[in-house]
Amino acid sequence: DSPRETSNADAVARDRANVFHSWSAQAALKPLAFAGGSGTTIWDYEGNEYLDFSSQLVNVNIGHQHPAVIAGIQNQLAQLATLAPAHASDVRGTAAEKILAHAPANMSKVFFTNGGADANENAIRMARLHTGRDKVISRYRSYHGNTGAAIVATGDWRRIPNEYARGHLHVFGPYLYRSNFWATTPEQESERALEYLRRTIVAEGAESIAAILLETIPGTAGVLVPPPGYLAGVRALCDEFGILLILDEVMSGFGRTGDWFALDAFDVVPDLITFAKGVNSGYVPVGGVIISEEIAATFDERVFPGGLTYSGHPLAAASIVASITAFEEEQIVENAAMIGRDHLGPGLLALAERHAVIGEVRGRGVFWAVELVADRESRTPVDAAFMGAVKAQLLQRGLLPFIADNRIHVVPPATVSAEEVASALAIIDEALGAVTGARAA
Ligand code: PLP
């Protein structure tokens with residue numbers, strides 16, 4: 001489709017006639033249509049441009065249409081488009097090698113999957129087989145994917161209609177702004193969340209628990225950056241009770257937080273890491289599990305009972321090699337850290353000074369949430385109508401946002417420039433002013 005041949009209305013009509021959408025009642029859907037993109041910019045069929053501060057589903061970390069990633073995929077396509085997982089290929093081995101080069105030193109192998117959900121699915125399976133234990137503890141306020149165990153490990157509304165896997169339980173993690181632990185400082189929040197986790201482990205029977213599965217920084221749940229000591233404390237509990245720690249870096253990995261992995265900023269070494277999204281920015285669907293030497297060794301002589309036709313698909317592998325190489329050469333992780341530190345963080349905090357509707361701003365790198373409240377004292381979230389109005393105002397001004405509950409997630413590509421951040425901040429400023437002004441009038 002070229003912008004001249006297809007209108008937005010044509011693309012939407014064809015979609016609504018034929019495509020069944022995720023997580024939605026179908027009848028009232030009004031999707032936006034997009035035809036192309038470049039870097040942080042995306043445009044529709046009529047040439048209207050938007051700054052993509054959603055990174056789609058927080059996955060386009062390298063920006064749209066990065067030429068090196070496209071060339072990497074095209075070269076592989078011309079050479080060998082598909083290959084069964086049992087065979088070896090240089091591109092698959094190199095993709096795993098490049099991922100491991102940025103992972104903690106105890107990691108030794110990569111198992112490739114089709115996306116993030118099945119990465120968590122297989123990590124949970126490995127943990128159960130390695131420990132001979134059954135239960136998995138994860139958090140309320142989390143998302144781990146839309147398959148059997150991953151959706152039941154999830155801690156948001158999407159779990160409830162899908163609760164068919166067994167052996168899962170949930171705990172509340174730290175979230176000082178809406179503390180479950182009557183805490184007033186990050187230290188208290190961390191200590192009390194850990195004490196509650198310890199009591200849960202003991203009450204459940206430590207010998208029955210295979211793994212604790214956590215998003216290093218819960219993403220869709222609100223970019224809940226853990227307070228000092230929390231992740232190290234979880235690791236200590238895992239060591240004490242012989243439980244494995246799985247960190248889900250599907251959204252937080254590969255530059256999102258201004259580090260290669262979000263865990264790099266915390267004093268924690270997991271046993272398994274799951275990844276997807278930013279590893280290749282979703283140019284080809286892929287995910288995987290990074291496996292510690294110890295867990296990998298479990299399956300040296302013993303069969304791992306799991307696999308996928310497209311595990312380590314050559315086009316996915318080529319896109320990973322090209323993407324990580326570009327990240328290294330263009331210092332994209334460093335850019336994300338600089339943007340967060342010098343532009344996006346200070347800029348969003350300045351907006352909070354100007355707009356009483358902003359209750360809290362939190363994040364790092366290019367991974368931020370702006371939580372909107374009806375009243376700063378009670379911290380009551382603004383309602384869905386308010387968020388709808390904010391979204392409309394942002395879109396009208398050319399910013400494509402990621403909205404979740406009462407939050408704007410400010411999550412541009414890791415390649416975003418300071419100028420693009422300045423434009424986006426000005427748009428958010430105007431949009432909030434327009435909605436709160438209209439409400440006050
Ligand atoms: N884990 C986290 C933290 C995620 O954010 C997501 C997707 O949003 C997933 C897992 C699931 O990944 P996928 O949609 O690729 O299956």
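The values are calculated or read from the model by the stated rules, or taken from the named source; none is laboratory data. These numbers come from a predicted model, not from an experiment. Cβ coordinates were reconstructed from backbone atoms using ideal geometry, including for glycine residues, and neighbour counts include every protein chain displayed.
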Seminar exercise, completed: From the option list Ala84, Ala71, single residue qualifying as within 25 Å of Phe254 (Cα to Cα) and either of a type in the set (Ser, Thr, Tyr) or touching a residue at least 40 places away in the same chain (Cβ under 8 Å) (or both) is Ala71
Seminar exercise, completed: Within the stretch 361-380, restricting to residues that are buried (at least 18 other Cβ atoms within 10 Å of the Cβ) and not aliphatic (A, V, I, L, M), the one that is farthest from Ala422 (Cα to Cα) is Glu371
For this session: For the stretch 308-315, indicate whether the set of residues that are touching a Ser or Thr at 6+ places or on another chain (Cβ under 9 Å), part of a loop (DSSP other than H, G, I, E, B) and not assigned by TED's automatic domain parsing to the domain that holds Asp271 is non-empty.
Result: no
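State yes or no: is Leu83 in a helix (DSSP H, G or I), of a type outside the set (S, T, N, Q), within 30 Å of Asp300 (Cα to Cα) and at pLDDT 95 or above? Explain how you work it out, then say what you get.
Working: in a helix (DSSP H, G or I): no; of a type outside the set (S, T, N, Q): yes; within 30 Å of Asp300 (Cα to Cα): yes; at pLDDT 95 or above: yes.
Answer is no for this residue.
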Problem set entry | Counted residues, the stretch 290-316 - those being free of Cβ contacts under 8 Å to residues at least 60 places away in the same chain and small (Gly, Ala, Ser) | 1
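Take the stretch 210-252 and flag every residue that is more than 14 Å from the chain's Cα centre (by Cα) and near the ligand (Cβ under 10 Å from one of its atoms). Walk me through it before giving the result.
As a first pass, look at the stretch 210-252 and keep what is more than 14 Å from the chain's Cα centre (by Cα): 210-213, 226-246.
Selection gives Leu213 alone.
Out of the residues in the stretch 86-121 that are of a type in the set (A, V, I, L, M) and part of a helix (DSSP H, G or I), state the one that is farthest from Ser323 (Cα to Cα). Working first, answer last.
Restricting attention to the stretch 86-121, the residues satisfying the condition of being of a type in the set (A, V, I, L, M) are 86, 88, 91, 95-96, 99-101, 103, 105, 107, 110, 117, 119.
Filter once more, keeping what is part of a helix (DSSP H, G or I): 91, 95-96, 99-101, 117, 119.
Numbers: Val91: 13, Ala95: 10, Ala96: 13, Ile99: 11, Leu100: 14, Ala101: 14, Ala117: 21, Ala119: 19 Å.
Among those residues, the one meeting the criterion is Ala117.
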For this session: Return yes when Ile201 is touching a residue at least 60 places away in the same chain (Cβ under 8 Å), crowded, with 18+ Cβ neighbours inside 10 Å and in a strand (DSSP E or B) and no when it is not.
Result: no
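Before we move on, is Ser311 within 16 Å of the ligand (Cβ to nearest atom) and within 20 Å of the chain's Cα centre (by Cα)? Break it down stepwise before answering.
Details: within 16 Å of the ligand (Cβ to nearest atom): yes; within 20 Å of the chain's Cα centre (by Cα): no.
No: the conditions fail for Ser311.
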For this session: Would you list the strands (runs of 3 or more DSSP E) that sit entirely within the stretch 327-441 and hold 2 or more residues that are among the aromatic types (Phe, Trp, Tyr) and under 26 Å from Pro227 (Cβ atoms)?
Result: 367-375
For this session: Output the residues belonging to the stretch 125-150 that are assigned to a helix (DSSP H, G or I), within 16 Å of the ligand (Cβ to nearest atom) and under 21 Å from Leu197 (Cα atoms).
Result: Ala127, Ala149, Ala150
For this session: Determine, yes or no, whether Glu97 is touching a Pro at 6+ places or on another chain (Cβ under 6 Å), away from the ligand (no atom under 16 Å from the Cβ) and of a type in the set (Asp, Glu).
Result: no
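Please tell me if Leu263 is more than 26 Å from Val321 (Cβ to Cβ), among the aliphatic types (A, V, I, L, M), under 24 Å from the mean Cα position of the chain (by Cα) and within 16 Å of the ligand (Cβ to nearest atom). Lay out the reasoning, then the answer.
Details: more than 26 Å from Val321 (Cβ to Cβ): no; among the aliphatic types (A, V, I, L, M): yes; under 24 Å from the mean Cα position of the chain (by Cα): yes; within 16 Å of the ligand (Cβ to nearest atom): yes.
No; evaluated as a whole, the condition is false for this residue.
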